[in-house]
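The values are calculated or read from the model by the stated rules, or taken from the named source; none is laboratory data. Bear in mind that the values here come from a model prediction, so they are computed numbers and not experimental data. Cβ: placed from backbone, ideal geometry, glycine included. Neighbour counts: every protein chain shown. Surface accessibility is based on the protein's heavy atoms, side chains included, excluding ligands, DNA and RNA. Shrake-Rupley method; radii C 1.70, N 1.55, O 1.52, S 1.80 Å.
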Amino acid sequence: MLMIVPPDDEEPFPTLGDQVCAFLEERAVHGPGSLKGQPLTLDSDFRYALYRLYEHFPKGHPRAGRRRFRRGTVSLRKGSAKTELLAQVTYAELHPESPVRFTGFAKDGSLLEGRPVANPYIPMLANTQEQVAELAYGALMAICEDGMDPELFDIGLDRIIRLGERGEADGKALPLSAAPNARDGARTTFQAVDEPHRLYLPSHKAAIETMLANLPKRAMEDPWQMTTGTAGELGQNSVAEDEWTEADRIMRGLVERPAYFFFHRQASDGYDMDKYEDRVAAVTEASGPDVRKWSDIEAIAQQWDRPSADHAYLERVWCNRWVASAAQAFDVRRWSVLALTGERIPRRSWVTLGFDGARFRDATALVMTDMKTGFQQLEGLWERQPDDPEDWEVPESEVTEKLKELMHDYRVLKLYADPPHWTSTIGEWSVQWPDVVEEWWTNRRRPMYRAIRAYREAITTGRVSHNGDPDLERHIGNAGRVSTNLWDDIDEDGSQQRVWILGKLHPDRKFDAAMAACLSWQARMDNLGNIPKRRRGVVARIR
């Protein structure tokens, strides 16, 4: 799965990316590793990312000639040479002859040959001084030493100085594990952040905020920031998690003018990581077309077989997944296959409804299921957004109006509604529709577990389908497993199953629509034999 935010535009933005790629392949070399010192060849993912990262606003735009993205992230699996990419970009930003800044437009709207940065100042941040020195900064040292122009740099363990025409200092790059020095704060032209999933301490996040606040100060050099890393742990509140959340908001259209580019390649949902063949397929997908050619995919997949292996860690770093498949309640990959895009449940159909959610500071959802076909569609979703006030509340009148609309347009056989937070409202509904509305408490662990299992089975067997609603799919993917101390009945294979219920994979990731879908499905299963039969017409003799 490839996540590109913002996606490609119908009319591409003018870019210096082609010039930057050509410059690097002409003047740079590979950093530490098996290819150290050999001429650089950029793979397709890196080339694409550089084209996007160096996009500029076109002629006629109010910001014509300025960088489109102030920040950019490349997120790839472990062993993809992403740290070397960060070092290569830093090399171009530091070099005195690189075409990395805007100089003007050609007649056709493309960009003229770019110019180098004037007196660059480039901090390179990682979680410890040793890490940045060994990784991104160490790679930059090797590229400067082994590249075509070593005489242009004074290379040291604590800084790399760009030399001017008379040998004077004309800019520098340096490794940092804290915020830039106050005297250098206004000079930043580019900043490199390596492995942001390791940056979660208050000091780390304060350093990033300080560095970002410094970016606009040298407007003539159009400063920007680039990060490279791998998926982190949800809930750790790392810089990488902040970036992932921001990219998700942009993808959902919640950011009006995004100035952030996010390139992320991962294995799709739904692989059974207990199976060797699925692990091979998952790592292959996460590797992309170029990395898979030189990777030992089979050896990576075999790491899961070690008795002491941390499977969640392996899936995170080798599949570049923020959520381990084992932690998800539902098979999202299988769910996406069941989409019947554009389909709708016909009016006057017999249906069931599921309702779940919190009234305050969270989300509420209403899902409908066709009794005849098992087709589901999201009918209502009310979510608190990050920018909403803390006392945000679901509009009760709007929810009730939506329910009245469905009652009018469809033949609703049963509504299963989770009462907490909505007790009085559901009570009023049950008075108005006494034979339809039924309280279904999701905190009953064994009944809830069995309802979840039935819904999972429906997804696996394809008995349920849906219209591909992205919000419903997002909530299905956000639903996690929360184990309990209870055990359920013995299965047919003789094994006893631990009871688990739905829970959040992360405090900010809502799954109420998934719960509503599960309740709607359970209502259908409980009432399949209760669909009223059509009355046959009676023929009477008229005298």
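For residue 305 and residue 457 in the same chain, what is the full-extension length gain: residue separation times 0.36 nm, less their Cα-Cα distance, in nm? Spell out each step's value before the answer.
Details: separation 152, 0.36 × 152 = 54.72 nm, distance 2.73 nm.
Once the chain is fully extended between residue 305 and residue 457, it gains 52.0 nm.
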* **Simple spin-label estimate for residue 526 and residue 404 in nanometres, 7 Å along Cα-Cβ** => 2.6 nm
* Structure fact -> The Rg/Rh figure for segment 275-419, Cα atoms and Kirkwood Rh, to two decimals is 1.13
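So, R0 is 45 Å and r is the distance between the beta-carbons of residue 61 and residue 3; what FRET efficiency does that work out to, to 0.05? Please list the in-between numbers first.
Values: r = 26 Å, r/R0 = 0.58.
For R0 = 45 Å, the calculated efficiency reads 0.95.
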* Label-point separation in nm, residue 443 to residue 106, each point 7 Å along Cα→Cβ -> 6.7 nm
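Normalising by the residue count of the chain, find the relative contact order in percent from Cα pairs under 8 Å and 6+ residues apart. Walk me through the numbers on the way to the answer.
Values: 1056 pairs, mean separation 69.6, N = 543.
So the answer I get is 13 percent.
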* Using only Cα atoms, tell me the angle between helix 82-94 and the longest principal axis of the chain; keep it within 0 to 90° and round to the nearest 10. => 40 degrees
* **FRET E, pair residue 339, residue 498, Förster distance 41 Å, beta-carbon r, rounded to 0.05** => 0.85
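Taking Cα pairs under 8 Å and at least six residues apart, what relative contact order does segment 220-326 come out at, in percent? Spell out each step's value before the answer.
Values: 91 pairs, mean separation 33.1, N = 107.
Value for segment 220-326: 31 percent.
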* Go from 0 up to the bin containing the longest alpha carbon distance in segment 59-164, width 5 Å each, and give me the % of pairs per bin. => 2, 10, 18, 21, 16, 14, 9, 6, 2, 0
* Calculated P(r) of segment 337-442 - Cα pairs past 23 Å, % -> 29 percent
* Report residue 311's accessible area, 1.4 Å probe, all protein chains in place, as a number in Å² to the nearest 10. => 80 Å²
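For the chain, give the percent of accessible area contributed by carbon and sulfur heavy atoms, probe 1.4 Å, rounded to a whole number. Before the final figure, lay out each step's value.
On the way: 12410 of 25270 Å².
Carbon and sulfur: 49 percent of the exposed surface of the chain.
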* Which entry in (1) 1.63; (2) 1.03; (3) 1.16 matches Cα Rg over 2.2 N^0.38 Å derived from the coordinates of this structure? -> (3)
* To do: Any chance you could give the angle, 0 to 90 degrees and rounded to 10, that helix 136-146 forms with the longest Cα principal axis of the chain?
  => 40 degrees
* Asked: So how far apart, in nm, are the two label points at residue 533 and residue 18 if each is 7 Å from Cα heading toward Cβ?
  -> 7.2 nm
* Could you calculate the contour length gain from residue 165 to residue 486, that is, 0.36 nm times the residue separation minus the distance between their Cα atoms, to one decimal place in nm? => 108.1 nm
* Asked: So what's the angle, to the nearest 10 degrees on a 0 to 90 scale, between helix 239-251 and the longest Cα principal axis of the chain?
  -> 60 degrees
* Asked: Using Cα-only point scatterers and the Debye equation, what is log10 of I(q)/I(0) for segment 28-91 at each q in 0.15 Å⁻¹, rounded to two decimals?
  -> -0.56
* Using unit Cβ charges (K, R positive; D, E negative) and no other charged atoms, how large, in debye to the nearest 20, is the dipole of the chain about its Cα centre? -> 2020 debye
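What is the sum of charges, Lys and Arg at +1 and Asp and Glu at -1, for the other residues whose Cβ falls under 15 Å from the Cβ of residue 154?
Values: positive: 159, 162, 166, 172; negative: 145, 149, 151, 158, 165, 168, 170.
Combined, the nearby Lys, Arg, Asp and Glu give -3.
When ligands, DNA and RNA are left out and all protein chains stay put, how many square angstrom of accessible area per residue does the chain have with a 1.4 Å probe?
Details: 25270 Å² over 543 residues.
Using a 1.4 Å probe on heavy atoms only, each residue of the chain averages 47 Å².
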* Per 10 Å bin, what is the whole-percent P(r) computed from every C-alpha pair distance within segment 1-132? -> 11, 40, 36, 12, 1
